[in-house]
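Heads up: the structure comes next, in structure tokens.
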Amino acid sequence: MDFYQILQIIVPSMIALAAPLIFTALGGVFSERSGVVNIGLEGLMVIGAFVAIVFNLTFDEQLGAWTPWISILAAMVAAMIFSLFHAVASITFRADQTVSGVAINLLAVGLSLFLVKKIYEKGQTDIIQETFDKIDIPLLGDIPVIGKIFFSNGYYISYIAILLSIVVWYIIYKTPFGLRLRSVGEHPMAADTMGINVYKMRYLGVMLSGALGGIGGAVHALTVTLDFSHSTINGQGFMAIAAMIFGKWHPLGAMGAALFFGLAQSLSIVGASLPFFKDIPAMYLLIAPYILTIVALTGFIGRADAPKASGQPYIKGSR
Amino acid sequence: MSNKLKQYGQRSIKYLITSARNMLIPIFSVILGLLAGAGIMLVSGYDPISGYSAMLNGIFGDEYYLGETVRQITPYILAGLAVAFAFRTGLFNIGVEGQLIVGWLAAVWVGIEFDLPKFIHLPLAVLSGAAAGALWAFIPGLLKARFRVHEVIVTIMLNYTALHITNYLILNVLSDKQDKTENIAESASLRSVLFENWTDLSRMHWGIIIALACAIIMWFILEKTTTGFELKAVGFNHHASQYAGMSVNKNIVLSMVISGAFAGLAGAMEGLGTFGYAAIKGGFTGVGFDGIAVALLGGNAAIGIVLAAALFGGLKSGALNMPLEAGVPNEIVDIVIALIIFFVASSYFIRWILSRFSKKGVK
């Protein structure tokens with residue numbers, strides 16, 4: 001097997017595995033940039049995955065090939081509503097944001113498994129029938145050499161994730177909304193003085209993270225696991241948080257980090273069948289994203305600093 | 001003189017009222033959580049009364065259930081102490097789960113590898129669990145002290161690192177490609193024939209004594225020693241403690257290490273008491289995260305943690321009886337626990353409601 005063939009196996013699986021992380025990490029960027037730490041991304045992904053799979057199983061006969069797309073929309077809406085728990089607790093009721101996020105994670109797993117048992121009377125769902133097709137992107141897939149590596153044998157939704165990170169970069173850095181969002185996360189009192197509604201911006205930040213986390217969970221369930229059980233989102237949300245931090249709270253950075261983590265995941269799965277990689281225990285690839293995040297935080301690879309006001313509830317009139 | 005006495009009386013009444021109010025929030029949250037759980041059962045077509053009575057039977061039903069409940073409470077106390085101890089120094093140790101897994105493995109490792117008389121082997125195994133947990137928590141402590149890296153992120157990342165490393169070790173080093181290790185030597189086991197006879201052969205073990213002793217140790221360190229005073233002072237105000245000549249960095253590391261030792265002990269209890277081996281895990285045990293709930297509900301104080309651990313341990317082990325007796329999925333209890341955390345964390349909201357009530361009472 002030559003190097004070119006290896007790339008043709010690894011790169012598409014890297015992009016596919018990275019897509020859920022990209023969506024979720026972008027959600028995390030919105031939330032943290034508005035000053036709300038969101039440890040609950042894992043739980044939001046769980047809700048997204050759960051809703052997407054149940055929706056897919058329920059409506060696949062009526063919707064046909066459109067089922068996975070509409071499942072993603074349903075998951076997005078459900079997770080956005082679910083994220084309101086976190087928003088209300090941590091913004092309005094001034095709960096500790098980390099604690100509230102932990103509660104979100106516990107609640108999401110408990111609630112979705114409770115409902116799975118209620119609906120299907122067993123611990124996990126059936127395998128979905130309507131999935132995304134793997135496609136070669138027209139035109140781009142025909143580019144010699146790189147077309148075969150980057151634009152074939154993939155899912156449309158994965159490329160949407162990459163494009164979305166550019167959109168999010170534009171929103172956060174080039175629009176008035178983005179400026180307000182960032183200012184609320186850096187210095188809420190100054191923002192408030194300038195007439196920006198801090199609570200509203202933070203609610204929007206958290207709800208956007210809910211929507212994107214829901215999409216992330218849905219994409220993971222619809223492209224990777226194909227069913228829902230307690231282990232569907234096994235730490236993907238935390239890895240998305242890692243990607244967000246490793247990407248220094250920047251949308252494009254988060255996307256790059258997510259792709260890198262996707263590579264590590266894909267090597268840990270397909271690496272066993274490849275020369276060279278099969279000698280590396282999968283454990284090293286599995287822990288690489290986490291270790292790298294810690295290293296990034298310690299400042300060995302340029303310092304990663306969180307938005308200044310993230311983690312602190314804003315209390316009007318306090319100094 | 002009588003004036004002073006009156007003042008003193010008023011002050012102590014005020015103190016009683018505030019401490020009663022502090023108790024009110026957890027109690028109120030638990031009631032709200034249970035009510036919400038009943039509501040969810042009702043909406044999804046289950047009978048909440050039979051659901052909860054099945055749960056109560058699963059906690060107190062007979063000696064066996066009672067023993068299993070105590071077994072469940074044991075790691076919860078230690079996990080709660082771990083979270084709370086760090087919290088008192090202003091640190092959020094969300095990595096109890098990882099420290100627990102590492103402690104579990106270390107304790108079992110010592111339990112398998114050595115062949116020693118019981119009075120050396122058992123303490124050695126227990127302590128190596130604590131040491132492994134402490135070492136695992138030393139990393140975020142050091143990074144926080146040295147580089148000001150936020151401990152929440154580091155401990156989350158170390159949770160997953162611990163999971164993958166221990167799985168690798170169990171698969172490749174401690175066994176020959178098996179999904180669990182062999183059983184520990186009898187001389188390292190916490191199993192108790194006495195408790196087993198009392199509780200109709202449940203898995204209740206000596207660990208509960210260790211857990212309760214640790215609660216006393218935590219209380220003693222924090223309330224009765226200079227070290228504890230320093231740890232708490234750092235938790236209240238870094239700058240003031242620094243100014244007063246305390247080493248903030250040393251206390252941060254120390255707090256994480258002690259916290260990790262408690263977490264490692266929780267793992268040792270599972271490894272040496274409940275299971276007697278370490279197995280490959282697809283995901284987390286959940287005990288570490290529930291420890292956050294325990295610490296929060298227990299107000300980060302030793303006695304509160306024991307009570308909260310008893311509550312959550314009871315809920316968890318009682319839940320196992322719910323599908324058998326009432327057909328209700330046991331995940332309902334996870335929902336209830338999550339909601340209780342929400343309510344306690346949102347105590348601002350509960351305090352606001354309570355203040356409404358008390359104002360109305362005055363008028």
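Of note:
- Phi angles across region B:214-221 convert, under the Karplus curve 6.51 cos²θ - 1.76 cosθ + 1.60 with θ = phi - 60°, into 3J(HN,Hα) values of 5, 4, 5, 4, 4, 4, 5, 4 Hz, Gly and Pro given as x.
- Solution diffusion estimate, µm²/s, Stokes-Einstein, region B:51-177, Kirkwood Rh from C-alpha pairs, 20 °C, viscosity 1.002 mPa s: 129
- Residue with peak Gaussian network fluctuation, chain B [Cα springs, cutoff 10 Å], from B:Leu122, B:Leu324, B:Leu174: B:Leu324
- Overall Cα dimensions of region A:211-311, principal axis frame, Å, largest first: 44, 33, 22
- Note on chain B: with a GNM built from Cα contacts shorter than 10 Å, the maximum mean-square fluctuation among B:Ala240, B:Ala188, B:Ala38 falls on B:Ala240.
- Cβ-based net charge around B:Glu331, under 12 Å, with every Lys or Arg adding one and every Asp or Glu removing one: +2
- Space enclosed by the convex hull of the alpha-carbon atoms of the protein assembly as shown, per residue, Å³: 197
- Here the translational diffusion coefficient of region A:92-154 follows from Stokes-Einstein with Rh set to the Kirkwood radius across Cα pairs; for 4 °C and 1.567 mPa s it amounts to 81 µm²/s.
- Mean separation of Cα contacts under 8 Å, 6 or more apart, over the residue count of region B:230-336: relative contact order %: 11
- Estimated 222 nm signal from helices in chain B, with DSSP H stretches of n ≥ 4 weighted -39500 (n - 2.57), rounded to 500: -25500 deg cm²/dmol
- Total formal charge among the other residues, if their Cβ is under 15 angstrom from that of B:Val102, Lys/Arg +1 and Asp/Glu -1: -1
- Contact order normalised by residue count of region A:3-298, Cα under 8 Å, 6+ apart, percent: 38
- The GNM of chain B, with springs linking C-alpha atoms under 10 angstrom apart, assigns the highest mean-square fluctuation among B:Lys224, B:Lys232, B:Lys180 to B:Lys224.
- When the listed pairs B:Lys118/B:Lys180; A:Lys200/B:Lys144; A:Lys174/B:Lys144; A:Lys118/B:Lys316; A:Lys316/B:Lys144; A:Lys174/A:Lys308 are checked against a 25 Å cut-off, the alpha-carbon distance exceeds it for A:Lys200/B:Lys144; A:Lys174/B:Lys144; A:Lys316/B:Lys144.
- Translational diffusion of chain B, µm² s⁻¹ [Kirkwood Rh, Cα pairs; Stokes-Einstein; 4 °C; 1.567 mPa s]: 60
- Rg(Cα)/(2.2 N^0.38 Å) for region A:15-120, N = residue count: 1.14
- Net charge of the neighbourhood of A:Tyr199, taken over other residues with C-beta under 12 Å away and scored Lys/Arg +1, Asp/Glu -1, is +3.
- Qualifying aspartates and glutamates (Cα of each under 19 Å from Cα of A:Lys117; at least 8 residues distant if same chain): A:Asp126, A:Asp227, B:Asp47, B:Glu325, B:Glu331, B:Asp334
- Mean separation of Cα contacts under 8 Å (6+ apart) over length of chain B, as relative contact order %: 34
- Counting only the Cα atoms, region A:3-298 fills a convex hull of 140 Å³ per residue.
- Cα-based reach from B:Lys232 at 14 Å (exclusive), listing aspartates and glutamates while leaving out same-chain residues under 8 positions away: B:Glu223
Laboratory data are not the source of any read-out in this text; all were calculated from the coordinates shown. The structure displayed is predicted, hence computed values, not measured ones. No Cβ is skipped: glycine too gets one built from the backbone with ideal geometry, and neighbour counts run over all protein chains shown.
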